[in-house]
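These notes are about the structure you will find just below.
The values are calculated or read from the model by the stated rules, or taken from the named source; none is laboratory data. Not measured: the values here are computed from a predicted model. Here the Cβ positions follow ideal geometry from the backbone for every residue, glycine too, while neighbour counts run over all protein chains shown. Heads up: the accessible areas ignore ligands, DNA and RNA and are worked out on the full protein's heavy atoms, side chains in. Shrake-Rupley method; radii C 1.70, N 1.55, O 1.52, S 1.80 Å.
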Amino acid sequence: YVDHFAIPAVVYCFVSLAIGLCVLRYAEDDRLPLIVSVPTSLYGFFIAATYIDKIADLLVGLLQFLGTVGRIPSTVMGMTVLAWGNSIGDLSTNLAMAQKGMPDMATTGCFAGPSFNLLVGTGVGFLMLQYEIGRAEISPVY
């Protein structure tokens, strides 16, 4: 019996080992050659994005489970807990800006970031919906 995750995990380990050995072989004391540093950076970015995606999926699953156990509707969970979690990065950035002596920039970030997300997210969503249905008028469904 071979788990369907076993083969990609083994391939990942061998690729990681090969990249690590290349870095050890070609690394100098102060910097890597460009032919090694660019693929290594891209690989690191890909792995970081994969970890972030997997952790986000696990957290959303956990919150859905807690909402099911607590009999909390998913819309309420989405509007509260997930929205708070989405705003933690903005909060830490704005606090850091305010502590560095830039309160005007921090205040602007409090309003500009969510406004941009709301306007662009809604606009792009409706633009995609308009493209899908093929007409400019979108009627509500009751």
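Computed quantities for the displayed model
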read-out	value
Entirely in the stretch 41-138, the helices (runs of 4 or more DSSP H) that have 3 or more residues that are free of Cβ contacts under 8 Å to residues at least 40 places away in the same chain and of a type in the set (Phe, Trp, Tyr)	103-133
Evaluation of ASP30 against (1) closer than 30 Å to MET79 by Cβ; (2) not in a helix (DSSP H, G or I) (one fails), failing number	(1)
In the stretch 25-74, residue nearest to CYS13 (Cα to Cα) [restricted to those that are hydroxyl-bearing (Ser, Thr, Tyr) and open to solvent by 90 Å² or more (accessible area, probe 1.4 Å)]	TYR51
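For (1) among the charged types (D, E, K, R); (2) under 30 Å from GLY67 (Cα atoms); (3) open to solvent by 70 Å² or more (accessible area, probe 1.4 Å), each residue gets a yes or a no:
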| residue | (1), (2), (3) |
| --- | --- |
| MET97 | no, no, no |
| SER115 | no, yes, no |
| LEU119 | no, yes, yes |
| VAL141 | no, yes, yes |
